[in-house]
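Taken together, the values in this text are just the output of simple stated rules run on the coordinates, not laboratory data. Note that the structure is a prediction, hence the values are computed from the model and not measured. In this analysis, Cβ positions are derived from the backbone assuming ideal geometry, glycine residues included, and neighbour counts consider all displayed protein chains.
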Amino acid sequence: MLSWTGDDGTAVALDQILRVEFAQPLAQPFRASSVELLDEGGRVVAGIHSSVVGRWLYLEPRLPLSPDLSDGSLLPQQNYAIHLFGLPWLRALRSADGHVLAQDLMLRFHTLDAQASSALSGLGVESSDLRLQRASLQDPFVFSADTPLRLRFTRGLDPRSLSAQAQWRPRGQAKTIAVPMHLVANRYDFAEIEVHLLQPQAWGILELPAGLEGLGGWPLPGSDRILRCVPRPQSADDS
């Protein structure tokens with residue numbers, strides 16, 4: 001083994017894909033049980049997806065949904081250890097040429113504080129632009145009165161930027177109404193939020209917060225923040 005993410009003492013971002021480099025390619029198919037991530041209390045961290053490419057072992061954490069970043073795999077300002085199983089375990093890590101890790105290894109690192117601007121770095125995101133998924137700028141968003149409006153984005157979101165509320169202005173009203181937003185799905189290449197519209201019986205304008213950001217601090221363009229929303233027409237069965 002040559003190196004791992006955070007081996008130099010640098011704090012690791014909460015969305016960073018952990019990487020361990022070995023001197024030789026690892027055996028395929030990879031046995032996921034040969035590695036686990038432990039918190040500082042020795043508990044196995046949930047939501048970790050492991051994979052191998054050649055000499056590299058990757059551990060991908062579950063991204064947070066909550067603005068306080070408390071529900072992701074990696075929590076702010078915590079100590080962790082990548083536990084590699086060696087002999088005498090049957091699940092000991094093996095190289096492609098049959099060599100077995102001689103003993104268990106603990107590869108330690110720590111994470112950034114939740115207030116750090118780079119706590120969600122965007123390093124695992126391939127796309128550089130944060131955009132709202134929509135057919136065209138002219139098409140309105142259609143919603144139902146009894147279900148939240150769902151908005152999908154082209155990359156993961158920084159949950160801290162959803163602490164502000166969206167503003168909803170129903171047709172014919174001069175004042176806007178603050179409406180809550182909830183991040184319900186968050187991955188490197190996709191995010192989805194629910195917006196609970198008030199007085200949803202008529203069309204209106206929804207304005208997303210100016211500070212809404214993707215992973216790595218990518219801003220949402222202004223053209224994707226002002227949305228015209230219309231209620232779904234009632235069918236004969238609904239009346």
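For the chain, the residue among Ser223, Ser51, Ala210 whose Cα projects farthest onto the positive side of the dipole built from Cβ charges is Ser223.
Computed from the alpha carbon atoms alone, the convex hull of segment 141-231 holds 85 Å³ per residue.
Averaging Cα coordinates gives a centre for segment 168-234 and one for segment 141-162; these two points are 6 Å apart. Site pair Ser70 and Ser223 shows an inter-label distance of 4.0 nm when each label is modelled 7 Å from Cα along Cα→Cβ.
Along its three principal directions, the equivalent ellipsoid of segment 1-122 from the Cα gyration tensor extends over semi-axes of 27, 13, 13 Å, largest first. Pairs of Cα atoms nearer than 8 Å and 6+ residues apart set the relative contact order; for segment 1-122 it is 32 percent.
When percent of Cα pairs over 30 Å apart is calculated for this entry, the matching label among [x] 40; [y] 18; [z] 62 is [x].
For segment 72-195, the C-alpha radius of gyration divided by 2.2 N^0.38 Å, with N the number of residues, is 1.61. Along the axis of the charge dipole computed for the chain (Cβ charges of +1 for Lys and Arg, -1 for Asp and Glu, origin at the Cα centre), the listed residues Thr154, Ala102, Gly86 are led at the positive end by Thr154.
If R0 equals 25 Å, the separation of the Cβ atoms of Ile17 and Gln77 corresponds to a calculated FRET efficiency of about 0.80. For the pair Arg152 and Trp203, the difference between a 0.36 nm per residue extended length and the Cα-Cα distance amounts to 16.4 nm. The label-point distance for Ala210 and Ala185, in a model that sets each label 7 Å from Cα toward Cβ, rounds to 3.1 nm.
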